[in-house]
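What follows draws every value from the coordinates through simple rules; no lab data is involved. Only a predicted model underlies this, so the values are computations on that prediction, with no experimental measurement involved. Glycine gets a Cβ as well: all are built from the backbone with ideal geometry, and neighbour counts include every protein chain shown.
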Amino acid sequence: MEQHEKLYDLIGVGVGPFNLSLAALLDKVEEVDSLFFEQNEGFDWHPGMLIEGTKMQVPFIADLVTMADPTNKYSFLNYISKNERMYQFYFLQRLDIPRREYNDYCQWVAEQLNSCQFGKRVTNLRHIKDNQEFYEVEVTDVESGEQTVYRTKHLVMGTGSKPVMPKSFQGFPEEDVFHTADFLPNQDRCRKAKSVTVVGSGQSAAETFRELLKEQRECGFRLDWITRSPGFASMEESKLSLEHFSPDYVNYFYQLPQERKDEIFATQGLYYKGISNHTINDIYNLLYEYSVGEEELDVGLQVLSEVRDLKQKTDGRYEIDCYHWQKHEAFTHETDVVIAATGYKPHVPDFVHELSDFIEWDEQGRYKVTADYRLEKQVDTEGEIYVHSGISHTHGVGSTNLGLSVHRNKVIINHLVGRDVYPMNEKSIFQSFNV
C-alpha cells in the first residue's frame, strides 16, 4: 500500500454536482490544496434517467459556479461559448436546459479539473492524532486494485443518494423489476414486454411513464401507473414558493428545534417531490391525443392504492398485491415488468459508520450538522468534516437543490479559508420567514 506524505488541505469523497461545484470554486483559491475522489470512471449524473426531452427543474444559472462567481470560467455560459453554441442557445429562449446538456456541461468541467480523480474508490477513513492531527483517506484504484493512503487536514463528504427498493421488490430478475434509476438500460426490455407497470409517484415516475407512453401504441404493451397518493400532484412552482430554496429560508429553518423541523419537513413534499407542471401536461396531452377515435386506451392510472407485496407467478409474470386505502379494499394487478419509482435516500458509506464514536448522531441515526455544514464531533479536533448529503433534517427542503449548492460551497470555502473568499448576501428574497 502506497503512502502519500503530502498533507492536503481538503479531500472530497465523491464527485457529484455538489463536490464538483466545490472543486470548481476552489480552483482559483491558491491557499487550498484539494483532491476529490470518485469511484466511477467519469462524471455521469443519474445516467439511467438521462431521457431525451427531460429538462432541469432549475434555471441554467444554477450551474456549478455562477451563483457565487458569474465571471468564473467554469460557468454554463462559458461552456456554451466554448462549444460554439451561443446563438443556438440564444434562439432557444429558455431558462431551463435539457438534463443531458447539464450532464455534458458537468463532464466538460470535470475534465478540466486536475483535483478531480475518477476511478478511485474511498474505502476507509481514519482520524489520526499523533505529533500532527489529520485524516487518513484510503483510496483503491478501481481498475488495478492498488491502494493508496492520502493525508488531509479536512474532509468533505459528497456521497449523494442511492435508490430505495422496497424489500418486497428485491430478489427478482433485475431486468424485470428495477428502479427508475436503471430505466434507460432496461428500456428495450420494456419495449418487448406485454405489460409494464410503474409504481410510485413524483418526477422520476412521471418522466418514466411519459417516455413509455410515447412508445406504448407502437410497441403494443399495456401500461399502468399505480400510486398510493390521492392524485398525481404537481410540484409547487410559484415564484414566492420557490423562495423556500434560498439561504434566508435555510437560516430560518436551521434555528428551529429539531422536533419542529421534522414536523415542517414532513409537510413540504410538493416543494421538492411533486411532478413538474410541464411533465403532467405532456402526459395528459398524449393521453388526450391517443383517445381520439378510441373506445378505450390500453393505459391505466391508479391512485389511492398502496402496493403491499410482489410475487412472481409460475408463468413468469408478476402479481402485485394492492390495497385501496380509502375504500379499504384489496386487489391484485398482473404485469410483466415492474418499475419502482420509490425514491432515494442519503448514501452513508460503511466507513463513515466506523467513525460512529467520533461523529455525533441524533436519536434517529442521522448526522448532527452545524449551521455551516460541518459534522458535529464527539471529540475536540481541528480537522473538520464538511457534508453535502443527508442534511435535509437540519437544513430543510433546499438541501438537495442545485440552486443552493453553490451557496453551501461558499459557506464551506469561507470557513475553510477563514475569510470571505466569496461574499455572502445578507438578504436574497422578498418575503420574511422570521419575525
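The table below gives the values:
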read-out: Sequence of 410, 82 once ranked by neighbouring C-beta atoms within 10 Å, starting from the fewest; value: 82, 410
read-out: 5 angstrom amide H check on residue 236, placed H, neighbours 5+ away; value: 271, 274
read-out: Two-site FRET efficiency, residue 73 against residue 39, from Cβ-Cβ distance with R₀ of 22 Å, rounded to 0.05; value: 0.20
read-out: Length released on extending from residue 133 to residue 354, taking residue separation times 0.36 nm less the Cα-Cα span; value: 77.7 nm
read-out: Phi-based couplings in Hz for region 76-88 (Karplus 6.51, -1.76, 1.60; Gly and Pro marked x); value: 5, 5, 5, 4, 4, 5, 5, 9, 6, 10, 5, 5, 4
read-out: Environment charge at residue 138 (Cβ cut-off 14 Å; Lys +1, Arg +1, Asp -1, Glu -1); value: -2
read-out: Low-density loop cleavage sites - GluC sites (Glu not before Pro) in region 291-321, where at most 15 other Cβ are within 10 Å (DSSP); value: 294, 295, 296
read-out: Simple label model, 7 Å out from Cα along Cβ direction - residue 309 to residue 277, nm; value: 4.3 nm
read-out: Between 0 and 90°, nearest 10: helix 17-26 axis offset from the chain longest Cα axis; value: 30 degrees
read-out: Set of lysines near residue 120 by C-alpha distance (under 19 Å), chain-local residues within fewer than 8 positions excluded; value: 6, 162
read-out: Efficiency of FRET from Cβ geometry, residue 258 and residue 9, R₀ 30 Å, rounded to 0.05; value: 0.40
read-out: Loop sites in region 130-167: GluC sites (Glu not before Pro), DSSP, at most 12 other Cβ within 10 Å; value: 143, 146
read-out: Trypsin sites (Lys or Arg not before Pro) within region 1-61: DSSP coil, no more than 15 neighbouring Cβ in 10 Å; value: 28
read-out: Exposure proxy ranking, count of Cβ atoms within 10 Å, fewest first, for 96, 176, 188; value: 188, 96, 176
read-out: In Hz, Karplus ³J(HN,Hα) per residue of region 111-119 (6.51, -1.76, 1.60; θ = phi - 60°; x = Gly, Pro); value: 5, 8, 9, 5, 6, 9, 10, 9, x
read-out: 222 nm mean residue ellipticity, helices alone, for the chain (DSSP H n ≥ 4; -39,500 (n - 2.57); rounded to 500); value: -7500 deg cm²/dmol
read-out: Estimated translational D of the chain in µm²/s (Stokes, Kirkwood radius over Cα pairs; 20 °C; 1.002 mPa s); value: 90 µm²/s
read-out: Crossing angle, helix 277-291 versus the chain [Cα axis fit, 0-90 degrees, rounded to tens]; value: 20 degrees
read-out: DSSP beta bridges in the chain [antiparallel fraction, %, rounded to 5]; value: 50 percent
read-out: Region 2-9 - phi-based ³J(HN,Hα) in whole Hz, Karplus 6.51/-1.76/1.60, Gly and Pro as x; value: 7, 10, 7, 7, 5, 9, 7, 7
read-out: Environment charge at residue 101 (Cβ cut-off 12 Å; Lys +1, Arg +1, Asp -1, Glu -1); value: +1
read-out: Net charge dipole size for region 207-327 [Lys, Arg +1 and Asp, Glu -1 on Cβ; Debye, nearest 20]; value: 340 debye
read-out: Helix 203-219 axis, angle to the chain major axis (alpha carbon atoms, nearest 10°); value: 40 degrees
read-out: Packing-based exposure ordering (other Cβ within 10 Å, fewest first) of 196, 435, 387; value: 435, 196, 387
read-out: Inter-label distance for residue 28 and residue 284, nm, one decimal - labels placed 7 Å from Cα along Cα-to-Cβ; value: 4.6 nm
read-out: For the chain, with +1 on Lys and Arg beta carbons and -1 on Asp and Glu, the positive-most of 10, 266, 393 along the dipole; value: 266
